[in-house]
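Step one of this worksheet: look at the structure below.
The values are calculated or read from the model by the stated rules, or taken from the named source; none is laboratory data. Keep in mind that this is a model prediction, so the values were computed, not measured. Cβ: placed from backbone, ideal geometry, glycine included. Neighbour counts: every protein chain shown. For the accessible areas, the whole protein counts, side chains as well, though only heavy atoms, and no ligand, DNA or RNA atoms are used. Shrake-Rupley method; radii C 1.70, N 1.55, O 1.52, S 1.80 Å.
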Amino acid sequence: MPSGSLPQRTPAIVGNWKLWGTRAQAADHCDRLLALLPDEGRRPAAVGICAPFTSLDLCVEKLSGSGVGVYAQTMHQEESGAFTGEVSAPMLTEIGIDGVVLGHSERRQFFCETDRALQEKVAAALAAGLRPILCVGETEDEREAGETERKLRHQVQEGLEKVESERLAEVTIAYEPIWAVGTGQVATPEIAQDAIAFVRALVADRAKEAAERIRVLYGGSVKPDNAAAILAQPDVDGALVGGASLDPESFARIIAAAAP
Ligand code: PGA
């Protein structure tokens, strides 16, 4: 049976606000999004938003009882210590956060986040009860040089190294080719499917059963008009949406596109 047809893998559509959202903007966004979403039981996908730290508690309050998950965009692996400017997993769970994005390409590129640190972060998030979304993906140069699989293998193996096999399926992986993030140049459905099937096979090398249950999302210039074709691919379990998630209408249309 193709893994994509297994019933356990309901799709997830997660909006990544990046550096956007004063508390006033976040409150307005949550209100407008809730007005557009069907009731939780009738949604074609699980829904989440990733807000900046300063708006997280407000999003938790606004979205409480709605079934929309609230995620942080990064965290530190240690619980406390001399790490000025950082926030830890217990600080996030204390305010009711559901999960955290780890290793986004912008964090890797602009804030020097390493695979070694991510190894600790994924494990620390799980230990604290947060759902990690681990981002992986190749640059344009790496794709052109035929190095996509090598890069993905390295990032996936390193990122999951400290996760016990029994907990692997609790991690979500987001395949985000760097050339597609924020560029308007979305991957073709075939590229997304091939890369995500490869990521799933890497998880299967660790644990076959987990590979059938783990969610692997696509991210990179997902818009209302291109979402359905990508989400229809058998191994694509949803999307991590940046720019198009800032407008509640377009985010809601992408969520609707997850319907089979
Ligand atoms: P984008 O961002 O949809 O704006 O390309 C995706 C992401 O960074 O997760």
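Some notes on this structure:
- Residues whose amide H falls under 5 Å from that of residue 215, counting only those 5 or more places apart or on a different chain, are 173, with hydrogens built in the peptide plane.
- Extension gain, residue 213 back to residue 225 (0.36 nm per residue minus Cα-Cα distance, nm): 1.5 nm
- Residue pairs, from the table 18/62; 62/208; 62/162, whose Cα atoms sit over 30 Å apart: 62/208; 62/162
- Percent accessible area from carbon and sulfur atoms, the chain, protein chains only, probe 1.4 Å: 51 percent
- Alpha-carbon centroid distance for the pair the range 185-251 / the range 4-80, whole angstrom: 17 Å
- Fluctuation leader among 43, 206, 150 - the chain, Gaussian network, Cα springs under 10 angstrom: 150
- Whole-Hz ³J(HN,Hα) from phi, Karplus 6.51 cos²θ - 1.76 cosθ + 1.60, for the range 171-186, glycine and proline x: 8, 9, 10, 10, 7, 10, x, 4, 5, 9, 7, x, 9, x, 9, 6
- A 1.4 Å probe run over the chain, with the rest of the protein chains in place, finds 45 Å² accessible per residue.
- Rough spin-label spacing in nm, given labels placed 7 Å along Cα→Cβ, for residue 87 and residue 165: 3.6 nm
- Most mobile of 160, 56, 36 in a GNM of the chain (Cα contacts under 10 Å): 36
- Taking the range 136-260 and dividing mean pair separation by its residue count, relative contact order in percent (alpha carbons under 8 Å, at least six apart): 24 percent
- Convex hull volume of the chain per residue (C-alpha atoms, cubic angstrom): 118 Å³
- The length gained on full extension between residue 201 and residue 66, counted as 0.36 nm times the residue separation minus their Cα-Cα distance, comes to 45.2 nm.
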